[in-house]
Amino acid sequence: AYYNVIYIIQYGLIHFDLFLKTSSSTDEKIFLKCADWIFNNAKTFKNDSVCWPSIKPNLKYNLPAGWVSAMYQGQAISLLLRVAQHTNFQKYFDLCDKAFLFFNYTIEEGGAKYIDADNNIWLEEYPSLPPTMVMNGFVYATFGVLDYYRATENHNAKALYELCIKTLKQNMHCYHRWYWSVYDKMKQ
């Protein structure tokens, strides 16, 4: 048994939404506890950025323990911003700033950003080479960038968000298979 970063983040987001609907103190305690776990388990990356490395390897994409995910980053930012706005605690805002900086780093630099041959930016859920280009992870990471932009009006976040939307527009058709969609672009 181990603590899975993305499950903790998603559990926190679920209970934040429930709290908004019900004002339940139980839901509030849960999302605050999840946010505190995320806060306390952030790892310094480079140049004052932070990330949440996976404890377990990912065998499907051949990633050793300690791999980092843009999806984790995006969803962590989304949760932390909601908690920051709810509590008005500066520590959560500050951690979001550091988490956003992680998006500056490419896979080759140990980060999770990939730039393809068409100069499209991919925020990789599973940062490997060759790149995976997992659509849902990319979208969740992009939501985090958008949340960060909306909360901070950071011009770098706006620029990254617009580049991600460009990537989506130019590549969405690659995921369509009749009435289905494919998970990643690795084997296409």
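The values are calculated or read from the model by the stated rules, or taken from the named source; none is laboratory data. Predicted model only: the values in this text are computed from it and were never measured. Don't worry about glycine lacking a Cβ; one is built from the backbone with ideal geometry, like all the others, and counts go over all protein chains shown. Keep in mind that these areas ignore ligands, DNA and RNA; they rest on the heavy atoms of the full protein, side chains included. Shrake-Rupley method; radii C 1.70, N 1.55, O 1.52, S 1.80 Å.
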* Structure fact -> Taking only Cα atoms of region 99-160, the Rg to Rh ratio with Kirkwood Rh works out at 0.96
* Measuring from label point to label point, each 7 Å out along Cα→Cβ, what is the D118 to H86 span in nm? -> 3.9
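How large, in percent, is the carbon and sulfur part of the accessible surface of the chain at a probe radius of 1.4 Å?
Working: 5550 of 10170 Å².
After summing per-atom areas, the C and S share lands at 55 percent.
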* Structure fact -> Residue-normalised value, i.e. accessible area per residue, for region 73-174 at 1.4 Å probe, in Å², stands at 44
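Counting Lys and Arg as +1 and Asp and Glu as -1, each charge on the Cβ, what is the dipole of the chain about the Cα centre in debye, to the nearest 20?
320
Which whole number in µm²/s is D for region 1-141 by Stokes-Einstein, with the Kirkwood Rh taken over Cα pairs at 20 °C and 1.002 mPa s?
Details: Rh = 15.4 Å.
So the translational diffusion coefficient is about 139 µm²/s.
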* To do: Calculate, in nm to one decimal, what E162 and H176 gain on full extension: separation in residues at 0.36 nm each, minus their alpha carbon distance.
  => 2.8 nm
* Asked: Roughly how many debye, to the nearest 20, is the charge dipole of region 71-176 about its Cα centre, given +1 on each Lys and Arg Cβ, -1 on each Asp and Glu Cβ, and no other charges?
  -> 320
